[in-house]
Amino acid sequence: MSINQSGWRPQMTAGDGKPAAPTATGNKALMLEEALIFEIGDTQTTGVDFTGIDAAAPASRLGGLARKAAIGLPGLAEPEAVRHYTRLSRQNYAIDLGLFPLGSCTMKHNPRLNEKMARLPGFADVHPLQPVDTVQGALEVIHQLAHWLVTLTGMTSVAMSPKAGAHGELCGILAIKAALEARGEGHRKIVLVPESAHGTNPATAAFAGFAVEDIPATADGRVDTAALIARLGPDVAGVMITNPNTCGLFERDLKTISDAVHDAGGYVYCDGANFNAIVGRVRPGDLGVDAMHINLHKTFSTPHGGGGPGSGPVVFSEALTPFAPLPFVEKQGEQFVLIEEENAGEHHAGSFGRMVAFHGQMGMFTRALTYILSHGADGLRQVAEDAVLNANYVLRSLEGTLDAPFAKAGPCMHEAIFSDANLAEGFSTLDVAKGLIDEGFHPMTVYFPLVVHGAMLVEPTETESKAALDQFVGALRSVAERAKAGDASLKTAPHFAPRARLDETQAARKPVLVWKDAPLAQAAE
Amino acid sequence: MSRYFTEDHEWVDVDGDTGTVGISDYAQGQLGDIVFVDVPEAGKQLGKGDEAAVVESVKAASDVYAPVSGTVTEGNAALADDPSLVNSDPEAEGWFFKITLSDPAELETLMDEAAYADFVAKL
Amino acid sequence: MMRYLPLTQPDRDAMLSVIGAGSIDDLFVDVPEAARLSGPIAGLPGHASELAVERHMTALARKNVVAGEVPFFLGAGAYRHHVPASVDHLIQRGEFLTAYTPYQPEIAQGTLQMLFEFQTQVARMLGTDVANASMYDGSTACWEAIGMARRITRKGKAILSGGLHPHYVSVAKTMAKYTGDQLETATPALSAETDVEALIAAIDADTSCVVVQYPDILGRITDLTPLADACHANKALLIAVVTEPVALGAITAPGEMDADIVVGEGQSLGVGLQFGGPYVGLMGCKEKYIRQMPGRFCGETVDADGRRGFVLTLSTREQHIRREKATSNICTNSGLCALAFSVHMTLLGEAGLRRLAAINHAAACRAADRLSQVPGVELVTESFFNEFTVRLPVEARPVVRTLADRGILAGVSLGRLYPGEAALANGLIVAVTETTSAEDIETLAAALEEVLA
């Protein structure tokens, strides 16, 4: 026989259950610590070369303002830059890693075809101010997506330019304000907002100069219809209602409410953040809605990107259509035309104006249209059905473990809500969330909506398989049981994440918002 | 000098026609770690119940109301540097502002220490 | 079969039985009967394969003239720069692309550290003490800065320079109708002189802020120091707007000239043209004003084990806590575009940014000189970075259309930006970057000579 002399002896040692010794680097195998670019870069290094491009100016014409002081921007060579950001990326949880049950945020799979299409040079490398006959394809994308959105919602028109959901809310509220002023009722100052609403609703109404009045919720998690109707009157501009609402429930009375609001001279704004639950099954236009924003990053799968960019087109009823913002796209014969300030003319003279430079989030339009065409009318209906089915499956699988305040009242829509009511004394929703991190899941939305104490809002979305749901339910059940039994180790969770719980008090008391600690290295040589 | 409390958990110490206002120990306990306090500037006119100051913890912002009407003579500058004084010493060093009372009769509508202790005990 | 929906029919049946529902319709019982749709909406197509969708979208994309395939000179708030290949690769890492807002910091340090680095890069470029985690775009950041100045100064009259991008002015006008702000606006003069003197003269005790673009819509660069002094003498703020951040590699930062709030459009770095969006709004200010800033901040702190970490902070300014008293209703930033900006900036570094800026300026100078030689064409702007304005002997807008027919995207006519302003109709804004070749410049000049002959 021949003996391997290398000393290599594959063998297993039995684990003793104790944590491993700390490493010299602070790294833990694949979990790598990464310094700031200001600590590893310097001002002379660059990862971009401009070989062969002439930088010599005939004479500087910078108006005597040529920069003198150093800026303090670190550079990294390409391999180092790629490594820096790749290492950082691995400290993030993401949909691509697993189920992301963040209620009200709709973390569904982002199809990569969307990304590929958005990067076609014909979309990605086109300037917003090119002559319109050189961008007919871009305008056609906007027109096609607009047609889908109007048809799916049963509305009359759509404003495509708002940059995000909250920006869309502002668009809707400004249209309502413009409509009121156009009929001489600018004195209507009150906007009614259910107390379960997203914070953006009251913030938006207040921005537009309205006074916000809260409408209470009923015991079954819906807006108190009687209280709302009783408050209507000549001072009320309108209501802002989320449907399905932030408790994951369909507002059964929305049509009744809409009719009452219209009778009282007001308008109905619907927060469409949760449209993904009903797309293809219900058209908000059939419920009397006057304006509704659609978060393309929720219902239509454009990526959340770690916090944007979003896109928030707003669909309008016939009553509000004349007041929609500029610019928008119209088909005139075979030509697609951009309607802007100069050609709004008599047909669109009521427009409340422009909300953004250029035409909105084109890169999101191409992604959303790709998603919509992939699904078609039948697939989008299936999206809503599977989203609702998955949420109800989670609700029924966990209602015996966690308090589910509205479970008795019937099915939920796309998200299931639980509370901290039956956790052990001293244990909170936060502990459940942090425990879930150790189990390899992003936590659900916590402490929202405000109408449920210690709320846990679980939205699985339609892109999860039954096996993925079963795994998640098992993990959440286990963490919940520990919280009910008073397992102290939950109070210090997470134990296995890149960081333990962070000191948010220190961050807020002495804000450190930029790197200040040391001057940058000037040169690498 | 006597101390009065409101149902919104402000306290006011009155010495002649000058009041010193802060929030109660109970209130700071409910708010948790205080990270920022916005106190009114000298000269500001306040009516009883007006929003006078803002106190913030990490995840909440709360308005502090004027317990009495009057004119602000001083805001507590120390809170800008060290808002944690509201946690560590809410009813002394952690005061918010001083005010010249315009209507001392308003004090009759407030609670004394014993009444406030009873009030808090029932919350 | 829908390729993005993993549930099988047996799965669905098994799940319905766990739920105790007879059919999927039972889960929609709360929808009033009259509003229930019985099947797919008529008139819309059914689902399609990847191949089919790709064909459809590609056909639409082909109907556009691609900037990179023709001599291209458009700017006016959006600029074509070369973006290194690694930028687009890194922003497509699933952990960045498919992450949410970093509300659970223990498992979002990647996004948070990136934002902290971004905030520092932006603050240093703008010359401000701090910067936020980004806004929607330059135009909305500009409007938010005006609102911020109103809250800080408790005054409501904003004076907008004629050199401010007309779309930015339009956005501000729209919002001011509803917030009660009073705006003083002006149309730019087609001359080398900016309106700084007029702005200084217009400031009074009621002025909350002066908003000035740097370089301005015509490309002009002017010293902001006297304007800042005049603002501060009247307890008003100076807001500077930068639509071309590459310029800050060559010219003095607005913050260094004592601007109080500096906002910008960050699209030039990392993001690409994309027919106008999504872009990334930059916003920085003096440290004393951070409580009145809108938008998200990332801040440094420590974890329970004492290790450095980052969190979203100062969120009591924001709508999800302050509701109707929030500094803004903004509920997002432009995260992925901020990442693209930051990666591109890190690849450039200071040396790279300065060289890129020098290349842009040199190319623009050469183009300005060449176009000035075209009979009848006059260079209006004496100082500029990578964008300048020329006066043609005829209206510029039809000339731009004619040149587009010849496969040249010649620039942005002032007629497009200021329709109906006869005094501006002959103006053409020409942007030149490192992507513009000497041949491109020669092609434009030669074509202009023919068209104007």
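Rule-based calculations on the coordinates, nothing more; no lab input. Predicted, not measured: the structure shown is a model, and the values here were computed from it. Neighbour counts run over all protein chains shown; Cβ positions are idealised from the backbone, glycine included.
Using C-alpha positions alone, give me the convex hull volume of region C:85-344 per residue in cubic angstrom. Could you put the intermediate results ahead of the total?
On the way: hull volume 34.0 nm³, N = 260.
Roughly 131 Å³ of hull volume per residue.
Here is the result for region C:58-141: no chymotrypsin sites (Phe, Trp or Tyr not before Pro) lie in DSSP coil with at most 14 other C-beta atoms within 10 angstrom of their C-beta. Between A:Ala164 and A:Gly312, the built amide H atoms are under 5 Å apart, and every one of these is 5 or more places off in sequence or on another chain. Footprinting exposure proxy ranking of A:Lys116, A:Lys466, fewest other C-beta atoms within 10 angstrom first, gives A:Lys116, A:Lys466. Only lysine pairs 8 or more places apart or on separate chains count here, and in chain C those with Cα atoms under 13 Å apart total 4.
Remark: C-alpha extents of region C:1-79 on the principal axes read 65, 29, 26 Å, sorted largest to smallest.
Diagonalise the Cα gyration tensor of region A:107-235 and give the resulting equivalent ellipsoid semi-axes, square root of 5 times each eigenvalue, largest first, whole Å. Walk me through the intermediate numbers first.
Details: eigenvalues 274, 81, 35 Å².
The answer is 37, 20, 13 Å, longest axis first.
Rounded to two decimals, the Cα-based Rg/Rh of region A:260-384, with Kirkwood Rh, is 0.98.
Kirkwood hydrodynamic radius for chain B: how many Å is it when counted over pairs of different Cα atoms?
Values: mean 1/r = 0.0706 Å⁻¹.
Computed over Cα pairs of chain B, the Kirkwood hydrodynamic radius comes out at 14.2 Å.
Among residues other than B:Gly19 with Cβ under 9 Å from its Cβ, the summed charge is -2 (Lys and Arg +1, Asp and Glu -1).
Let me spell out the model: positive unit charges on the Cβ of Lys and Arg, negative unit charges on the Cβ of Asp and Glu, origin at the Cα centre of region B:2-118. What dipole size does that give, in debye rounded to 20?
Working: 5 positive and 26 negative charges, 45 e Å.
Taking the Cα centre of region B:2-118 as origin, the dipole is about 220 debye.
Label reach from C:Thr225 (point 7 Å along Cα→C-beta): in region C:110-126, no amide nitrogen lies under 16 Å. The Cα center of region A:291-305 and the Cα center of region C:366-428 differ in position by 39 Å. Binning the alpha carbon pair distances of region A:115-370 at 5 angstrom intervals from zero yields the distribution 1, 6, 14, 18, 19, 16, 11, 7, 4, 2, 1, 0, expressed in whole percent.
Do the sum for chain C: with -39,500 (n - 2.57) for every DSSP H run of n ≥ 4, divided by all residues, what is the mean residue ellipticity at 222 nm, to the nearest 500 deg cm²/dmol? Mind showing how you got there, number by number?
On the way: 14 runs with 169 residues, N = 453.
Helices in chain C give a 222 nm mean residue ellipticity of -11500 deg cm²/dmol.
By the count of other C-beta atoms within 10 Å, a proxy for reagent exposure, C:Leu248, A:Leu113 are ordered fewest to most as A:Leu113, C:Leu248. The alpha carbons of region C:132-272 stretch over 39, 30, 28 Å along the principal axes, in descending order. Taking every alpha-carbon pair within region C:47-168, the share separated by more than 22 Å comes to 64 percent. What separates the Cα centres of region C:148-188 and region A:92-119 is a distance of 38 Å. Here is what passes the span test in chain A: the DSSP H helices with alpha carbon length of 30 Å or more along the helix axis and a Kyte-Doolittle mean of -1.0 or above are A:362-398. The charge dipole of region A:376-493, taken about the Cα centre with unit charges on the Cβ atoms of Lys, Arg (+1) and Asp, Glu (-1), comes to about 220 debye, rounded to the nearest 20. Shown here are the Rg and Dmax of the Cα trace of the protein assembly as shown, at 29.6, 106 Å. Of all DSSP bridge pairs formed entirely within the protein assembly as shown, close to 70 percent run antiparallel. Here the convex hull built on the C-alpha positions of region C:207-334 has a volume of 161 cubic angstrom per residue. At q = 0.11, 0.19, 0.23 Å⁻¹ the log10 of I(q)/I(0) for region A:45-159 amounts to -0.85, -1.19, -1.28, computed by Debye summation with a single uniform scatterer per C-alpha, solvent ignored. Panel note: the C-alpha atoms of region A:365-461, placed on their principal axes, show extents of 51, 30, 24 Å (largest first).
What ranking of B:Trp95, A:Trp148, C:Trp143 emerges when the number of other C-beta atoms within 10 Å of each C-beta is taken as an exposure proxy, fewest first? Write down the numbers at each step before the final one.
Working: B:Trp95 24, A:Trp148 20, C:Trp143 30.
Lowest to highest Cβ neighbour count: A:Trp148, B:Trp95, C:Trp143.
Output the DSSP H helices from chain C with an along-axis C-alpha extent of no less than 24 Å and a mean Kyte-Doolittle hydropathy no less than 0.0.
On the way: long enough: C:109-126 (25 Å, 0.17); C:335-372 (42 Å, 0.65).
Length and hydropathy pass: C:109-126, C:335-372.
The fraction of Cα-Cα pairs per 10 angstrom bin, counted from 0 for region C:354-433, comes to 20, 49, 27, 4 percent, rounded to whole percents. As a rough guide to protection, the peptides B:81-88, C:213-220 ranked by mean Cβ packing within 10 Å, highest first, stand as C:213-220, B:81-88. Using equal-weight Cα scatterers in the Debye expression, the normalised intensity of region C:282-379 in log10 at q = 0.13, 0.18, 0.24 Å⁻¹ is -0.75, -1.00, -1.21. Remark: relative contact order (region A:376-493) = 31 percent; criterion is Cα-Cα distance under 8 angstrom and separation of 6 or more residues.
Note on chain C: Rg/Rh from Cα positions, Kirkwood definition for Rh, rounded to two decimals, is 1.03.
Considering helices alone, the calculated mean residue ellipticity of chain A at 222 nm is -9500 deg cm²/dmol, with DSSP H runs of length four and up weighted by -39500 (n - 2.57) and normalised per residue. The DSSP beta bridges internal to chain A are antiparallel in roughly 55% of cases.
Starting from a Cα-only point model with no solvent, please compute log10 I(q)/I(0) by Debye for region C:167-247 at q = 0.11, 0.21 1/Å. So the normalised log intensities work out to -0.30, -1.10.
Mean shadow of chain A, computed from the convex hull of its alpha carbons, in nm²?
Numbers: hull surface 146.2 nm².
Orientation-averaged projected area of the Cα hull: 36.6 nm².
By DSSP, the beta bridges lying fully in region A:135-245 are antiparallel in about 10 percent of cases. Size descriptors for region A:441-525: radius of gyration and Dmax over Cα atoms are 19.8, 61 Å.
Excluding B:Arg3 itself, what net charge comes from residues whose Cβ is under 10 Å from its Cβ, given Lys and Arg +1 and Asp and Glu -1? It would help to have the intermediate numbers written out before the result.
Working: positive: none; negative: B:Asp13, B:Glu91, B:Asp112, B:Glu113.
Every neighbour counted, the sum reads -4.
The H on the amide N of C:Asn64, modeled in the peptide plane, is under 5 Å from the matching H of A:Gly137, each at least 5 residues off or on a different chain. Across peptide A:308-315, the mean count of Cβ atoms from other chains lying within 10 Å of each residue's own Cβ comes to 6. The alpha carbons of region A:170-292 give a radius of gyration and a Dmax of 13.2, 39 Å, in that order.
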